Amino acid sequence: MGLGAPREVFDEYLARGMDCDPHDLGLHTRAVQYLAQKWYGSHAEMFDFAESAAAAAPKGSLLRGLPLQAVTEYALEHEAGIDRGPIAWSRIEALVEAGLELSAAYGPGDRRAAGFRNHLALALIRCERHHEALEIFRLIGADARTFPWAYLGDAREVFLLLRKGVRVQVSRSTPYFGGSSPSAVAQVPSETLDPGTTATVPTAAAMALAVVRAPMREVREAVLITGTTMRLAPAPRGTTLVETAPSADPPARRKGMRRTLLGEGELPRLARAFSRGETWPVLVVAKEGADYTLRLYRDGRELTAHAWWTDPAEMPTQEEAAKRAAALAACYSVADHRPLTAALRGTGAPLQHVGETFTLLGLPPLPAGFGDRPEPLADMRGAQVVARRSLFGAIKETLASDDSAQRGGELPPLS
């Protein structure tokens, strides 16, 4: 391959190797490379060879995973989805299904299966099948291989980044608190329906804002893998403000007026997701009706939560408030949590008590308009939108951004 020898030489060497061992994995792996379009073959020839070799291999043979290498080579040049390239998408999906079946024949952590499982994980990510990809990462364990990850950059870093991204995607698709938010819909009598029937109508959803104790560049890279359109704005004291920005989605991706304006109250779940693996805290404040809630996250875990209710009867006990204040104080290096305890027990003016809590934690004040209208960051100076994208596209952009930073300049956008 390196010498660019004539095709007749390749055919001769391949035939001699097949005579020695018709199911040798190394031989077939090199042949797939040679037959790839980037070298001396074509996509069609590469897939035909890989599928033929897999079909002829004994059941359970590692050679059955050879087509997954062809899928990797193809994915480097063509986007996922129907009609995105010369190979039928149904053919790609069938090879992924065969790879899952082959993986099931090997136990967790089996080093023999690690080679094709690494390719299978990437293929599942490309197919947006994140739950299955997460299971394959679990089966791989720490046995990351150089390929396919080295195609995208430093193999170890790419493997870890994509594994984290898959976890975030699975977390994001898991219903918050195990089910739909009670505020998302309400069952009310319908005057236009028969008596006794009900209709599901949207109710006021939470307006939420996340305050991240980290520079905007770090936060931007973290939120990329959520696959959600978000708006970031720089704030004083080394913090970044984050909100969901569904109104910035292309029209085809919007799902109704409520989704467009209010974002379905996703931010708490997203904060849990994009904080995973990070050292900085994320504080999410949300308004729902006349009430305000506060949730503290770090490394994907909710450390504490508090609500200010307009009803004085809902005031927490001294012990409850002190416990929550202690968690907040520890996270923001506040020596004395007692003033925080008093702020958390405040009643009658929820927004005022939120402001007091922010001041005591050394955080900037809430932006103008928060609680009165959705997406208050839209008018802030320096605000940036991180557009919704696929996990694979987000990872590529993150890696390109890292490479740009190392070189000290900007790279052109990835195609």
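The values are calculated or read from the model by the stated rules, or taken from the named source; none is laboratory data. Every value quoted in this text rests on a predicted model; they were computed, and no experiment measured them. Virtual Cβ from ideal backbone geometry, glycine too; neighbours counted across all protein chains shown.
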Within the range 289-300, restricting to residues that are hydroxyl-bearing (Ser, Thr, Tyr) and in contact with a helix residue (DSSP H, G or I) (Cβ under 8 Å, 6 or more places away or on another chain), the one that is modelled with the lowest pLDDT is 292
If we keep just the residues of the range 23-41 that are farther than 15 Å from residue 71 by Cβ and small (Gly, Ala, Ser), which is modelled with the lowest pLDDT?
41
Count - residues of the range 323-349 that are touching a His at 6+ places or on another chain (Cβ under 7 Å) and among the small types (Gly, Ala, Ser):
5
Determine whether residue 400 is among the small types (Gly, Ala, Ser) and at pLDDT 80 or above.
no
Based on what the data block shows, is residue 66 closer than 21 Å to residue 127 by Cβ, in contact with a helix residue (DSSP H, G or I) (Cβ under 9 Å, 6 or more places away or on another chain) and surrounded by 18 or more Cβ atoms within 10 Å (Cβ to Cβ)?
yes
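I need the full set of residues from the range 346-380 which are charged (D, E, K, R) and either modelled with pLDDT of 90 or more or part of a helix (DSSP H, G or I) (or both), in order please. Spell out how you get there, then give the answer.
Initial filter on the range 346-380 (charged (D, E, K, R)): 356, 372-373, 375, 379.
If the condition is that a residue be charged (D, E, K, R) and either modelled with pLDDT of 90 or more or part of a helix (DSSP H, G or I) (or both), then 356, 379 are the ones that fit.
Let's see how each residue does on (1) among the small types (Gly, Ala, Ser); (2) over 27 Å from residue 38 (Cα atoms):
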site: 64; (1), (2): no, no
site: 74; (1), (2): no, no
site: 91; (1), (2): no, no
site: 102; (1), (2): no, yes
site: 105; (1), (2): yes, yes
site: 108; (1), (2): no, yes
site: 118; (1), (2): no, no
site: 128; (1), (2): no, no
site: 131; (1), (2): no, yes
Step by step: first the residues of the range 36-73, then only those that are polar (S, T, N, Q) and under 16 Å from residue 96 (Cβ atoms), then the one that is nearest to the chain's Cα centre (by Cα). Which residue is that?
72
What is the residue count in the range 223-238 for residues that are assigned to a loop (DSSP other than H, G, I, E, B), surrounded by 21 or more Cβ atoms within 10 Å (Cβ to Cβ) and out of contact with any Asp or Glu (no Cβ under 6 Å at 6 or more places or on another chain)?
4
Residues of the range 301-323 satisfying the condition of being small (Gly, Ala, Ser), in a helix (DSSP H, G or I) and modelled with pLDDT of 90 or more
321, 322
Within the range 114-156, track down each residue that is over 26 Å from residue 89 (Cβ atoms), without any contact (Cβ under 8 Å) to a residue 12 or more places away in the chain and of a type outside the set (A, V, I, L, M, F, W, C).
146, 154
Among 133, 121, 114, which is surrounded by fewer than 19 Cβ atoms within 10 Å (Cβ to Cβ) and either assigned by TED's automatic domain parsing to the domain that holds residue 68 or outside any helix (DSSP H, G or I) (or both)?
114
Checking the conditions here, which among 273, 326, 343, 286 is buried (at least 19 other Cβ atoms within 10 Å of the Cβ), modelled with pLDDT of 90 or more and not in a strand (DSSP E or B)?
343
Would you check if residue 391 is within 28 Å of residue 159 (Cβ to Cβ), at pLDDT below 80 and surrounded by fewer than 16 Cβ atoms within 10 Å (Cβ to Cβ)?
no
Quick one: in the range 142-157, which of the residues that are in a loop (DSSP other than H, G, I, E, B) and modelled with pLDDT of 90 or more is surrounded by the most Cβ atoms within 10 Å (Cβ to Cβ)?
148
